[in-house]
Amino acid sequence: MTQDKRVYIAYTGGTAGMKKTADGYRPVPGYLGQLLDEMKEFHDPSVPRFDLDEYTPILDSADLAPRNWLIIGEDIKAHYDDYDGFVVVHGTDTMAYTASALS
């Protein structure tokens, strides 16, 4: 039943997609998608299908501003009829502000 469901994931930045390097954790383009591809749980038929849209550039949430909230909102609006759910992967520094703006 859930195999027909689709979820849109907007990855703006944050620790979830950071890779450990010699200089500490750093955002690496494509890394979150690679992690999700390697996790068999996300590909179980009982789990909704998902599409990951990685923003360019990947931003530290401390650097997000109202213009970014508009971009995220417009992105969700543009995909609203194509998906059953939406997830915004975002750093914690300004997550509450972004959540308030999107609500």
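Read-outs: derived from the displayed coordinates by stated rules, not from any lab. Quick caveat: nothing in here was measured; it's all calculated off a predicted structure. Here the Cβ positions follow ideal geometry from the backbone for every residue, glycine too, while neighbour counts run over all protein chains shown.
The phi torsions of the stretch 30-36, fed into the Karplus equation with coefficients 6.51, -1.76 and 1.60 and a -60° offset, translate into couplings of x, 5, 4, x, 4, 4, 5 Hz, rounded to whole numbers, with Gly and Pro shown as x.
Close amide H contacts of Phe86 (hydrogens built in the peptide plane, cut-off under 5 Å, sequence separation of 5 or more or a different chain): Tyr8. Taking the radius of gyration and the Kirkwood hydrodynamic radius from Cα positions alone, what is the Rg/Rh ratio for the chain, to two decimal places? Across the chain, the Cα-based Rg/Rh ratio is 0.98. Using a simple spin-label model with points 7 Å from Cα along the Cα→Cβ vector, what separation in nm is obtained for Ile76 and Ala96? The modelled label-to-label distance comes out at 1.8 nm. Taking every DSSP bridge with both residues inside the stretch 1-91, close to 25 percent are antiparallel. In a simple Cβ point-charge model (Lys, Arg +1; Asp, Glu -1; nothing else charged), the chain has a dipole of about 180 debye relative to its Cα centre.
Couplings 3J(HN,Hα) of the stretch 91-99, computed from phi: x, 8, 4, 10, 4, 4, 5, 5, 4 Hz, in residue order, whole Hz [Karplus 6.51 cos²θ - 1.76 cosθ + 1.60, θ = phi - 60°; x for Gly and Pro].
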